[in-house]
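Engineer: Have a look at this one before I ask anything.
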Amino acid sequence: MKFTKVCIIGLGYIGLPTASTFATHGLQVVGVDINTEVISTLRNGGVHISEPGLRLLVQEALESGHLTLNNTPENADAFIIAVPTPFSEDEEGCYDGQSYRLADMRAVTAATESIVPHLRSGNLVVLESTSPPRTTIDLVRPILESSGLKAGSDFHLAYSPERVLPGKIIQELTENARVIGGIDEASAIAGRELYTHFVKGEIVLTDATTAEMVKLMENTYRDVNIAIANEFSRLAVRFGVDIWEAIRIANRHPRVKILNPGPGVGGHCISVDPWFLVEGAPDLTELISTARHVNDGQPHFVLHLIKDVVGDDLSGKRIAALGLAFKPDVDDLRESPAIQVAKLLAEAGAIVCAYEPYKLDAYIPGVHSVHTLEDAIGDADLLVLLVGHRELKELDPQKMLKLTPARLAVDTVAGWEVQPWIKAGFKLIRLGVGK
Ligand SMILES: NC(=O)c1ccc[n+]([C@@H]2O[C@H](COP(=O)([O-])OP(=O)(O)OC[C@H]3O[C@@H](n4cnc5c(N)ncnc54)[C@H](O)[C@@H]3O)[C@@H](O)[C@H]2O)c1
């Protein structure tokens, strides 16, 4: 199958690098986003996402003349859907007394509907958005078939999950192994022919529902493993153990690889995707659901840790929250546990000044976002490190002494070396250290 033109719907962290990479590999690409600001920013040479190398890549794609931008799809050989699949803010499910989150599939539905008027015989449609099992065959397929064309006989339909790491998206997009699940074999093969334009990693073919489940299994596996690390961090405090030392030693076992605890699990993937499995089969997902609740409870554990240090009454305490992103060195705040901690502290009466170097104007109700480290710590009683951004990890405690009156610091990510901070005169408390 020959592809000359591809239409990519949704120009976010996934869609924009994908569209630009196809364009720099010679395909004619129409990048589509319903957000008019996204389109005008890109048309004016800007990029609305912070991702290393992305600005240059988009520039190259636009200058090549192969990438055009629009608010609506147009006819093409292939369509790729890369729109958000968050969980619903309004509704949740409940099974056996345990609540669970529900996927909000409105963007996938709308994006699929927007393809219908442009769908032609011989086209390929690929869903890339992380989705609950059976979405491709139960949700996307019937919408596309409302065109009068039949999936499998008239057009190809496949699911191909994205597994890139924010911060390394451009490299991983081409180098990672890619799974392509077709609704039939011909659809999977068509998918492989499309992605072969730029994917250097192995391309594994399977069926659409297996590919959907593979993506969810990958993130659920990580979530469950982080949950056990977080639970270990709580146990370490109870038993007077340093969890970081304990994990280091346990991981010397050749078949053990415990992940790091922290203030919780965030981001648009790991903290969301396991719910898609729970939603589909709440009666079969006790462990997955419990792991989600453990990780969602970790910001509360951090709140108690802070209360243990400064006392139960936080009212009027000035706390500098350092970092708000869901992980180090990215600007992505989605589902960030650092934000949950900042909010919990503010709700408990503390005056919270948050400094997020990658997003200076983050809006969090009740929390003061400040533009400089100095503004965050200038009159703080307590410093709380919530994200291991390099800039924050490298803070020199000797210099910090002059910038802040605080002599208490809580490190939730093991980002600060204990001895230099203590030597400088700080009392440093690390999450998961009961010694
Ligand atoms: N960000 C990641 O690292 C990552 C990794 C793997 C998988 N994913 C998955 O990829 C999908 C996309 O995630 P993202 O991070 O790129 O999202 P994003 O929020 O960064 O971008 C999505 C874009 O889609 C646009 N959009 C929404 N509805 C639309 C519609 N009907 N038509 C056209 N455009 C529309 C939005 O305006 C937005 O610009 C999600 O399912 C996500 O779970 C993301």
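Engineer: For a Förster distance of 30 Å, can you work out the FRET efficiency between the beta-carbons of D154 and T210, rounded to the nearest 0.05?
Structural biologist: On the way: r = 23 Å, r/R0 = 0.78.
For D154 and T210, the calculated efficiency is 0.80.
Engineer: A further question on this structure: Quote the FRET efficiency, to the nearest 0.05, computed for N75 versus A177 with a Förster distance R0 of 25 Å and r equal to the Cβ-Cβ distance.
Structural biologist: Here the calculated transfer efficiency is 0.20.
Engineer: Here is a further query. Once the Cβ-Cβ distance between Q419 and D379 is put in as r, and R0 is 30 Å, what FRET efficiency do you end up with, to the nearest 0.05? List each step's numbers first, then the result.
Structural biologist: Details: r = 27 Å, r/R0 = 0.89.
The calculated FRET efficiency here is 0.65.
Engineer: Once you place label points 7 Å from the Cα toward the Cβ at R248 and Y221, how far apart are they in nm?
Structural biologist: The modelled label-to-label distance comes out at 2.8 nm.
Engineer: Would you mind checking K307/K427; K317/K393; K317/K359; K2/K215; K393/K427 for any pair whose Cα atoms are more than 18 angstrom apart? Provide the component values of the computation, followed by the final result.
Structural biologist: On the way: K307/K427 15 Å; K317/K393 24 Å; K317/K359 24 Å; K2/K215 27 Å; K393/K427 16 Å.
Correct reply: K317/K393; K317/K359; K2/K215.
Engineer: Mind checking the angle between helix 54-63 and the chain's longest principal axis? C-alpha axes, 0 to 90 degrees, to the nearest 10.
Structural biologist: That works out to roughly 30 degrees.
Engineer: Pairing the Cα long axis of helix 185-195 with the longest principal axis of the chain, what angle in degrees results, from 0 to 90 and rounded to the nearest 10?
Structural biologist: 70 degrees
Engineer: If you don't mind, there's one more thing I want to ask. Could you state the angle between the C-alpha long axis of helix 286-310 and the longest principal axis of the C-alpha atoms of the chain, as a value from 0 to 90 degrees rounded to the nearest 10?
Structural biologist: 30 degrees
Engineer: Also, quick follow-up: If each DSSP helix of 4+ residues adds -39,500 (n - 2.57) and the sum is divided by the residues in the chain, what number results at 222 nm, nearest 500 deg cm²/dmol? Present the calculation step by step, with values, prior to reporting the outcome.
Structural biologist: Values: 16 runs with 168 residues, N = 435.
Helix contribution divided over all residues of the chain: -11500 deg cm²/dmol.
Engineer: Right, something else. How big is the charge dipole of the chain about its Cα centre, in debye rounded to the nearest 20, if each Lys and Arg gets +1 on its Cβ and each Asp and Glu gets -1 on its Cβ?
Structural biologist: Working: 40 positive and 56 negative charges, 268 e Å.
Dipole of the chain, to the nearest 20 debye: 1280 debye.
Engineer: Then there's this: Taking a label point 7 Å from the Cα of R43 along the Cα→Cβ vector, which residues of region 53-90 have an amide N closer than 19 Å to it?
Structural biologist: 58-75
Engineer: Contour minus end-to-end for A281 and R238, with contour as 0.36 nm per residue of separation and end-to-end as the Cα-Cα distance?
Structural biologist: Details: separation 43, 0.36 × 43 = 15.48 nm, distance 3.45 nm.
Fully extending the segment from A281 to R238 adds 12.0 nm.
Engineer: Sticking with this structure for a sec: Contour minus end-to-end for A186 and Q98, with contour as 0.36 nm per residue of separation and end-to-end as the Cα-Cα distance?
Structural biologist: Numbers: separation 88, 0.36 × 88 = 31.68 nm, distance 4.16 nm.
Difference between extended and current length: 27.5 nm.
Engineer: Follow-up question, since we're still on this one. Given P17, H268, G434, which one lies farthest toward the positive end of the charge dipole of the chain, if we put +1 on the Cβ of every Lys and Arg and -1 on the Cβ of every Asp and Glu?
Structural biologist: Among P17, H268, G434, the one farthest towards the positive end of the dipole of the chain is G434.
Engineer: Next question. Taking the highest mean first, how do the peptides 318-326, 148-156 order by number of other beta carbon atoms within 10 angstrom per residue?
Structural biologist: Values: 318-326: 27.2, 148-156: 16.4.
Final packing ranking: 318-326, 148-156.
Where a number appears in this text, it was derived from the coordinates with a stated rule and is not lab data. It should be emphasised that the depicted structure is a prediction, and the values quoted were computed from it without experimental measurement. Don't worry about glycine lacking a Cβ; one is built from the backbone with ideal geometry, like all the others, and counts go over all protein chains shown.
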